[in-house]
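A.B. asks: Dropping the structure in here first, questions after.
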Amino acid sequence: MRIVIAGGDGFCGWPTALYLSKQGHEVTIVDNLVRRKIDNELKSNSLTPIFSLEERVNRWKELTGKKINTFIGDLNHYDFLSEVFKQTQPEAFVHFAEQRSAPYSMMDREHAVYTQSNNVIGNLNVLYAIKEFAPDCHLIKLGTMGEYGTPNIDIEEGYIEIEHNGRKDKLPYPKQPGSFYHLSKVHDSHNIMFACKIWGIRATDLNQGVVYGLHTDETVMDPVLANRLDYDGVYGTALNRFLVQATIGHDLTVYGTGGQTRAFLNIKDTVRCIEIAANKPADKGEFRVFNQFTEYFSVGELAEKVQKVGNEIGLGVQIKNLENPRVEAEDHYYHAVNTKLRDLGLEPNLLTDEVLHEILKATLDNKTNVIRENVLPTISWK
Ligand code: NAD
Ligand code: USQ
């Protein structure tokens, strides 16, 4: 299959590009490399040294004989995106290419505006490009579990049946996102649903939970293929941050009481979920929604898991409850459905102690790269 991976230089996109290339797909990466620039803006870094995209794809070709094509440019530039579509004629367009940090989107007006214009307009351009140049192309769009927020009822996969005043309908599940970033994903979902309805586009919205880990079978083949791992207070996400904090003897930064529950999955499952969605495309005009996660935990539970495995290897891990920089519920009901990807064949890599030890080994190997001043959160929602 001809597959474009937009955002293929990033944390989820790079291992997905390698995995799909290994499966024999004709893979093209599109990326404007803005994440590497944001690392510089934040004076931050990936825990693992990451090579240039050119070095990465060249090494992949040397090791496997498989070519990954690259286009360096911005989805917000429609002339560039049109050229990508004309030259690649994609059968699937996997869209990872968005500003994905909630704290970054909450820094100030400029960062909120950048996040929403980058994400919403980029996605709208993709929808128009599919309509204009590849109407049969399956859009596989990365959404987020955070679109739903934390309602006091079960979270369904995209839609909910509602009975009101004696009448019934199946409606989009209500959205209560918790940052301008998460809101951008809701706006995207609405635009995609509308485009499916009016133009007959086929789309899958993958409402992904928080991704942890860094290695996949492909990224460990060579140091040049290494994936990035964010650990700072802006782009680092809960579990990966805790593992890096345990590595350097920093207290684990649980925000507030730690009762906030979130859905999680291993990066190894992210790549497989994309393959599953690509192999079984949505129907023409269908706006399909999958909840892409394997388990959920409270943040406090995660910290305890990291403390346990860290202490098994003598790290003396301490947990510290910090004043929560975000505005979010810390004590809430959480039950989300995730059967659709499982029904299509996903076999989850669950969060065992063995998996935690494996990631901890990778963080310990790269311990000297940590910029300690970047670990604490600095961005407040208020
Ligand atoms: P990332 O920041 O590591 O990668 C995103 C990539 O997209 C970067 O390489 C960046 O340069 C590129 N990009 C951003 N805007 C672009 C644009 N306008 N044009 C071209 N390229 C652009 O992020 P990630 O962690 O790999 O996340 C990928 C996607 O998955 C995002 O849409 C994110 O919202 C979603 N997601 C991520 C997680 C997670 O835990 N990492 C969880 C749920 C959903
Ligand atoms: N948290 C802590 N301590 C930390 C970091 C985070 O307690 O050091 C808490 C946060 O307050 C929050 C939870 O952990 O309650 C998750 O925060 P996070 O930074 O791990 O994840 P989030 O901001 O939700 O964003 C990440 C990705 C985003 C993706 C989202 C999936 O950056 O791209 O969309 O996870 S989800 O959470 O399902 O919406």
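A.B. asks: So what is the relative contact order for segment 2-375, in percent, with contacts set as C-alpha pairs under 8 Å and at least six apart?
C.D. replies: It rounds to 20 percent for segment 2-375.
A.B. asks: Using alpha carbon centroids, what distance separates segment 91-149 and segment 13-74, in Å?
C.D. replies: 19 Å
A.B. asks: Taking the Cα centre of segment 2-375 as origin, work out the dipole magnitude from +1 charges on Lys and Arg Cβ and -1 charges on Asp and Glu Cβ, in debye rounded to 20. List each step's numbers first, then the result.
C.D. replies: On the way: 40 positive and 51 negative charges, 108 e Å.
With only Lys, Arg, Asp and Glu charged at Cβ, the dipole is about 520 debye.
A.B. asks: Got a sec? How would L214, L265 order by Cβ neighbour count within 10 Å, fewest to most? The partial results should precede the final answer.
C.D. replies: Values: L214 25, L265 28.
Exposure proxy ranking, most exposed first: L214, L265.
A.B. asks: What is the extension gain from Y128 to D169, computed as 0.36 nm multiplied by their sequence separation minus the C-alpha to C-alpha distance, in nm to one decimal?
C.D. replies: Result for the pair: 11.8 nm of gain on full extension.
A.B. asks: For the chain, modelled as a Gaussian network with Cα springs under 10 Å, which listed residue fluctuates most, R272, R202, R372?
C.D. replies: R372
A.B. asks: Let's see if you can work this out: charge +1 on each Lys and Arg Cβ, -1 on each Asp and Glu Cβ, no other charges. What is the dipole magnitude of segment 162-253 about its Cα centre, in debye to the nearest 20?
C.D. replies: It comes to approximately 640 debye.
A.B. asks: Please rank S189, S117, S298, fewest neighbouring Cβ atoms within 10 Å first, as an exposure proxy. Write down the numbers at each step before the final one.
C.D. replies: On the way: S189 24, S117 13, S298 19.
In order of increasing Cβ crowding within 10 Å: S117, S298, S189.
A.B. asks: Right, next: GNM on the chain, C-alpha springs below 10 Å: top fluctuator among V27, V224, V306?
C.D. replies: Between V27, V224, V306, it is V224 that shows the largest mean-square fluctuation.
A.B. asks: Residues with amide H under 5 Å of H138's amide H, sequence separation 5 or more or different chain, H placed in the peptide plane at 1.01 Å from N; which?
C.D. replies: Here the answer is A92, F93, since their amide H atoms fall under 5 Å of that of H138.
A.B. asks: Now a separate question. Around K141, what is the net charge, scoring Lys/Arg as +1 and Asp/Glu as -1 over all other residues with Cβ under 11 Å from its Cβ?
C.D. replies: -1
A.B. asks: Below 11 angstrom from the Cβ of P377, what's the summed charge of the other residues (Lys, Arg +1; Asp, Glu -1)?
C.D. replies: Surrounding charge for P377 is 0.
A.B. asks: Hey, can you grab everything whose amide H is under 5 Å from the amide H of L42? Only 5+ residues off in sequence or another chain; H modelled, so Pro and N-termini drop out.
C.D. replies: Sorted by chain and number, the residues that satisfy this come to none at all.
A.B. asks: Would you please classify the overall shape of the chain from the alpha carbon gyration tensor, given that a ≥ b ≥ c denote the square roots of the eigenvalues, rounded means a/c under 1.5, and beyond that prolate means a/b larger than b/c while oblate covers the rest?
C.D. replies: Taking the square roots of the gyration eigenvalues as a ≥ b ≥ c, the chain is oblate.
A.B. asks: Using only helices, what value at 222 nm comes out for the chain when you add -39,500 (n - 2.57) per DSSP H run of length 4 or more and divide by the total residues, to the nearest 500 deg cm²/dmol?
C.D. replies: Value at 222 nm, helices only, nearest 500: -11000 deg cm²/dmol.
A.B. asks: Counting Lys and Arg as +1 and Asp and Glu as -1, what is the net charge of the other residues whose Cβ lies under 10 Å from the Cβ of D217?
C.D. replies: Combined, the nearby Lys, Arg, Asp and Glu give +1.
Every read-out reported here was derived from the displayed coordinates using simple, explicitly stated rules and does not represent laboratory data. These numbers come from a predicted model, not from an experiment. Glycine gets a Cβ as well: all are built from the backbone with ideal geometry, and neighbour counts include every protein chain shown.
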